[in-house]
Amino acid sequence: MYLSGVFGAILLLFDVTFGIMTSGELLCFISQKRNVMAVDDMIKICTDFYKEEEIVAAKALLEQSLPERLTKRQGPNKCRGALADLNDPNMSLPTYFAADLKRSPPVSVDHGDISAILAELQYLLLLVLHVSVMYLFVFGE
């Protein structure tokens with residue numbers, strides 16, 4: 001318990017001092033899952049889990065770190081449009097952390113992007129091959 005309190009204080013100090021990390025569960029979830037989940041699945045999960053106020057607040061929080069404002073969304077699909085804006089692959093997200101992990105939606109294996117997992121697996125296999133070749137080169141066995 002003491003360690004988590006110290007860690008939280010360090011994160012808060014880091015946030016206040018440098019202004020680099022910001023608490024935002026929705027933005028943390030998006031930044032961590034945007035490369036491994038399909039956008040449609042992520043939007044569906046987020047609209048089911050988060051309230052409209054949380055989505056609007058996350059968009060406003062992100063706009064504080066961007067040089068230009070995002071498109072203002074209105075109407076019945078306002079949340080879906082805002083989440084689509086937040087998932088723009090051309091946008092570089094700042095670092096966010098989740099202060100309350102209970103406010104991050106649970107995600108099952110069904111929502112994983114298989115192509116991203118295969119690309120990661122291919123990279124890891126290449127890395128193992130590279131290490132094996134280096135081992136043979138150094139030790140000659």
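Out of (1) under 15 Å from residue 35 (Cα atoms); (2) at pLDDT 90 or above, the odd one out for residue 128 is which? Answer for residue 128: the failing condition is (1). Of the residues making up the stretch 105-115, one or more are touching a helix residue (DSSP H, G or I) at 6+ places or on another chain (Cβ under 8 Å) and either loosely packed, with under 15 Cβ neighbours inside 10 Å or more than 20 Å from residue 24 (Cβ to Cβ) (or both).
Looking across the stretch 34-72, the residues that are at pLDDT 85 or above and buried (at least 19 other Cβ atoms within 10 Å of the Cβ) come down to 42, 43, 45, 46, 50, 55, 58, 59, 62.
Within the bounds of the stretch 85-92, is there any residue that is more than 14 Å from the chain's Cα centre (by Cα) and among the hydrophobic types (A, V, I, L, M, F, W, C)? No, the stretch 85-92 contains no residue that is more than 14 Å from the chain's Cα centre (by Cα) and among the hydrophobic types (A, V, I, L, M, F, W, C).
The values are calculated or read from the model by the stated rules, or taken from the named source; none is laboratory data. Quick caveat, the model's predicted, so the values are computed rather than measured. Heads up, the Cβs are rebuilt from the backbone with ideal geometry, glycines too, and the neighbour counts pull from every protein chain shown.
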